[in-house]
């Protein structure tokens, strides 16, 4: 039970997010064993560092998590593990992740350091500044993709990074609106410790929708770029993926507006059958166009 609680506190299920490091290899069609091996090693290192940051974040948010509707069940907030254990574990995970990345390459180490520094700035400074926190979260996700580029030394279209940034900005804003929706229902006058007020929800909503639709537009520009057209035999088929992306974004927006969105839209996607079907459809489209 102890190790189960430790793994839960490390948010191992969130390691799925770090699979983003493999995107440059897949989009660049660079399926070489050496690339795959280095990316797998980097994935583990990044995941360990991310888990260390999650544990640090739980320490910082301990009191507020105890009052949250779902976060109060986290191992640290519920008392399943102690603060002493977390204080010992999180620097250990960070150290192992950093040493491991250095064994891959110096560039990999610098990328991990950049991720760690940005994550620490987010936890200690940016998370308390409205909208800056979401920009920082979007940057952290985009940095995962950039990490894959650095690890295997591949050239990638700038449209991919622009799409990634606005897409993940959309997801970050979904999380903030969901948080405010919860506090609207509860009648709490101090909704979050992140500096947002209930009156900000309309601005969050408009920015969220704009980011989502902008990501669809940029995705279209990305699949129309010369680099993508050179990689796929039937690039026009990729436009079907744009429709699937639009449908998923609309579904997430509708569920958020109805107050049915999970605290994490990524976890919502994993548990939502229709979202998984759309994801499968996108993968199938890319295979058909190759």
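For this structure, a couple of remarks:
- Candidates in the range 278-290 are the residues that are farther than 19 Å from residue 228 by Cα and in contact with a helix residue (DSSP H, G or I) (Cβ under 9 Å, 6 or more places away or on another chain); of these, the one that is surrounded by the fewest Cβ atoms within 10 Å (Cβ to Cβ) is 279.
- Condition check for residue 59: touching a residue at least 60 places away in the same chain (Cβ under 8 Å) and within 25 Å of residue 117 (Cβ to Cβ): no
- Taken as a whole, the structure leaves residue 37 outside the set of residues that are closer than 28 Å to residue 184 by Cα and either touching a helix residue (DSSP H, G or I) at 6+ places or on another chain (Cβ under 6 Å) or at pLDDT 90 or above (or both).
- Against the test of being in a loop (DSSP other than H, G, I, E, B), touching a residue at least 40 places away in the same chain (Cβ under 8 Å) and either assigned by TED's automatic domain parsing to the domain that holds residue 12 or surrounded by 19 or more Cβ atoms within 10 Å (Cβ to Cβ) (or both), the options 112, 81 yield a single qualifying residue, 81.
- Flag for residue 107 being loosely packed, with under 15 Cβ neighbours inside 10 Å, more than 23 Å from residue 172 (Cα to Cα) and touching a helix residue (DSSP H, G or I) at 6+ places or on another chain (Cβ under 6 Å): yes
- Pairs meeting the criteria (first residue in the range 187-214 and outside the structural domain of residue 139 (by TED's automatic domain parsing) and modelled with pLDDT of 90 or more, second residue surrounded by fewer than 17 Cβ atoms within 10 Å (Cβ to Cβ) and in a helix (DSSP H, G or I), beta carbons under 9 Å, at least 6 apart or on different chains) are 205/257; 212/250.
- Entry remark, the range 127-151: residues being within 18 Å of residue 170 (Cβ to Cβ) and part of a helix (DSSP H, G or I) number 14 in total.
The values are calculated or read from the model by the stated rules, or taken from the named source; none is laboratory data. This is a predicted model, so every value here is computed, not measured. No Cβ is skipped: glycine too gets one built from the backbone with ideal geometry, and neighbour counts run over all protein chains shown.
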